[in-house]
């Protein structure tokens, strides 16, 4: 009897349906994990290709601050961003969309009831909507000396411009964000779904 080992190549194929279910299942687990961290106060930075989009019908907040900075995305470092901080916010018809280009779908988290957030921080590459403020202050600061060293660019970006307001209201808001943090959040009527991507 010859017990010598022989190499045997067995042909096979991957079921696309099972692969897709495994990928979506993994993404759902990641979403749940990040959602848990966000609800308990840990930063929920989502380092996925293309960032994500936050849209809503109305945001009402108190204790507003905005300043410039730099933030990394999955594909590029040092993106210029507007950092928005709001002490307390109520958001109506919140929708957070994450593009998944390799599956040509969008993962969507939405809330059918007003969302209550404390300690909100977002780093946005673009902000659009109709905004109103009360007791608004805008300041500019000299940062020329910081520009001699590239390591100081994030500090210079954060310090050169600063805006505050006692209250802020934004209607029809859309933010393209690289980072989202909330100290606490209540998402009543939350729904996670997948939609075909609009190219």
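Computed from the coordinates by the stated procedures, all read-outs in this text should not be read as laboratory data. The structure presented is a predicted model; accordingly, all values stated were derived computationally and were not measured. Positions of Cβ are backbone-derived with ideal geometry, glycine not excepted, and every protein chain shown enters the neighbour counts.
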*Alpha carbon centre of the stretch 66-121 versus the stretch 124-199: separation in Å?*
9
*For the stretch 47-105, alpha-carbon Rg and Dmax in angstrom*: 14.1, 40
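State, to one decimal in nm², a quarter of the convex hull surface area for the C-alpha atoms of the stretch 44-199, i.e. the direction-averaged projected area.
Details: hull surface 38.7 nm².
Averaged projected hull area, Cα only: 9.7 nm².
Relative contact order, percent, of the stretch 75-197 when contacts are C-alpha pairs under 8 Å separated by at least 6 residues?
Across the stretch 75-197, relative contact order equals 36 percent.
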*Could you state, as a whole-number percent, how many of the C-alpha pairs of the stretch 150-199 are farther apart than 12 Å?*
84
_Considering just Cα atoms, how many Å³ per residue does the convex hull of the stretch 119-185 enclose?_
119
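Treat the stretch 68-141 as a sphere of radius equal to its Kirkwood radius over Cα pairs and apply Stokes-Einstein at 37 °C in a medium of 0.692 mPa s; give the translational diffusion coefficient in µm²/s, rounded to a whole number.
Details: Rh = 15.2 Å.
For the chosen part, D equals 216 µm²/s.
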*Mind ordering 164-173, 125-134 by average Cβ neighbours within 10 Å, highest first?*
164-173, 125-134
